[in-house]
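Below is one structure, written out as structure tokens, with a few remarks after it.
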Amino acid sequence: MDANKQFETYVADNIRRIGNDRDFIGLSNIWVRESIRHNYAQNFTWLGRPVIQVPQDVYAIQELIWRVKPDLIVETGIAHGGSLVLSASMLALLDYCDAVAAGQALDPLQSPRKVLGIDIDIRPHNRAAIEAHPLAHKIETLQGSSISPDIVATVKARAAQAQCILVFLDSNHTHDHVLAELEAYAPLTSEDSYCVVWDTGVEDLPEGFCRDRPWDKGNNPKTAVWEYLRLLRGEGRQAADGKVLNFEIDKTLEHKIAITASPDGFLRRVPA
């Protein structure tokens, strides 16, 4: 076995042991719960914009974008724009690496790779900061409810022009809203790509923990993920490419990072 394969096997064994260590996973869950009390995820920026993600989830995003190499990332929920800038920066790195591999000069304004962000309320100061960012040329935004028919139709039309699509869902975290987002956007996910549902960890918090929010235990992104997967197993769904739609929860990625706001939220589209 060559050195690279040997190290991959070593890492895979590490991850397997983490997944089997209930005490370690439990400790990680406690850490996430307590970090929320300190608004920990709001303390970080990506290239100058607040990203509002647990750092381990940021690392997962980097790995996913490098692995999938999408030309379109669809994101619901914009907030301060840091997640858009994070996705845009990874797409820009893909462009750079492609140009180096091809021995060509890079024209950053010509790449088709884009991130499309949707939010019901893009506040003026956030919009101005996003539009002023050096990576603004890789970012498109839509203002409106992510589940409104007009917005969904616009996103689907945009997605029809893309070859490989990655989806991040991070807006309203109620069960009904996330389930509607999954119905609208999960079918856009390309084979071997991901539809990531953020903040599924709400289900693992004590009841009433999110007392200033409309979501809580029993009514959150994780319950929506479970319901959507149940629907896929029962009624079935068709993907945008016409194939049967099937997802699996990527527990390997979840166990790799160990600390995440989104247990059961990394949904990989399994080839039909």
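The values are calculated or read from the model by the stated rules, or taken from the named source; none is laboratory data. Being a predicted model, the structure only gives us computed values, none of them experimental. In this analysis, Cβ positions are derived from the backbone assuming ideal geometry, glycine residues included, and neighbour counts consider all displayed protein chains.
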_Residue under evaluation Ala240, criteria (1) more than 24 Å from Ile65 (Cα to Cα); (2) more than 17 Å from the chain's Cα centre (by Cα), criterion not met_ = (1)
*asked:* Tell me whether segment 136-154 contains one or more residues that are touching a residue at least 40 places away in the same chain (Cβ under 8 Å), in contact with a His (Cβ under 6 Å, 6 or more places away or on another chain), within 29 Å of Val54 (Cα to Cα) and not hydroxyl-bearing (Ser, Thr, Tyr).
replied: no
*segment 199-226, residues that are of a type in the set (Gly, Ala, Ser) and within 20 Å of Glu248 (Cβ to Cβ)*: Gly201, Ala224
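Within segment 26-41, which residues are in contact (Cβ under 8 Å) with a residue 60 or more places away in the chain and within 21 Å of the chain's Cα centre (by Cα)?
Ser28, Asn29, Val32, Arg33, Ile36, Ala41
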_Test for Val202: is it at pLDDT 95 or above, assigned to a helix (DSSP H, G or I) and either among the polar types (S, T, N, Q) or surrounded by 14 or more Cβ atoms within 10 Å (Cβ to Cβ) (or both)_ = yes
*Output the residues belonging to segment 112-134 that are touching an Asp or Glu at 6+ places or on another chain (Cβ under 6 Å) and either in a loop (DSSP other than H, G, I, E, B) or of a type in the set (S, T, N, Q) (or both).*
Pro112, Arg113
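If I ask for residues that are of a type in the set (Gly, Ala, Ser) and either within 30 Å of Ser145 (Cβ to Cβ) or modelled with pLDDT under 95 (or both), which ones from segment 103-119 would you list? I'd like the intermediate steps shown before the answer.
Initially, segment 103-119 is screened for residues of a type in the set (Gly, Ala, Ser), giving 103, 105, 111, 117.
Across segment 103-119, the qualifying residues are Ala105, Ser111, Gly117.
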*When you go through Arg17, Arg67 one by one, which is the residue that is surrounded by 13 or more Cβ atoms within 10 Å (Cβ to Cβ), basic (Lys, Arg), without any contact (Cβ under 8 Å) to a residue 24 or more places away in the chain and more than 23 Å from Ser146 (Cα to Cα)?*
Arg67
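Filter segment 159-195 down to the residues that are of a type in the set (Asp, Glu) and without any contact (Cβ under 8 Å) to a residue 60 or more places away in the chain and list them by number. Spell out how you get there, then give the answer.
Taking segment 159-195 first, the residues of a type in the set (Asp, Glu) are 170, 176, 181, 183, 191-192.
Once the filter is applied, which keeps residues that are of a type in the set (Asp, Glu) and without any contact (Cβ under 8 Å) to a residue 60 or more places away in the chain, segment 159-195 yields Asp176, Glu183.
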*Working only within segment 223-272, note down all residues that are touching a residue at least 24 places away in the same chain (Cβ under 8 Å), more than 25 Å from Arg22 (Cβ to Cβ), in a helix (DSSP H, G or I) and among the charged types (D, E, K, R).*
Glu227
*Within the set of pairs 6 or more residues apart or between chains, which connect a residue that is modelled with pLDDT of 95 or more and small (Gly, Ala, Ser) inside segment 120-132 to a residue that is surrounded by 15 or more Cβ atoms within 10 Å (Cβ to Cβ) and outside any helix (DSSP H, G or I) with Cβ atoms less than 7 Å apart?*
Ala129/Arg49; Ala129/Gly81
*Could you please give the count of residues in segment 221-244 that are more than 30 Å from Cys210 (Cβ to Cβ) and crowded, with 17+ Cβ neighbours inside 10 Å?*
2
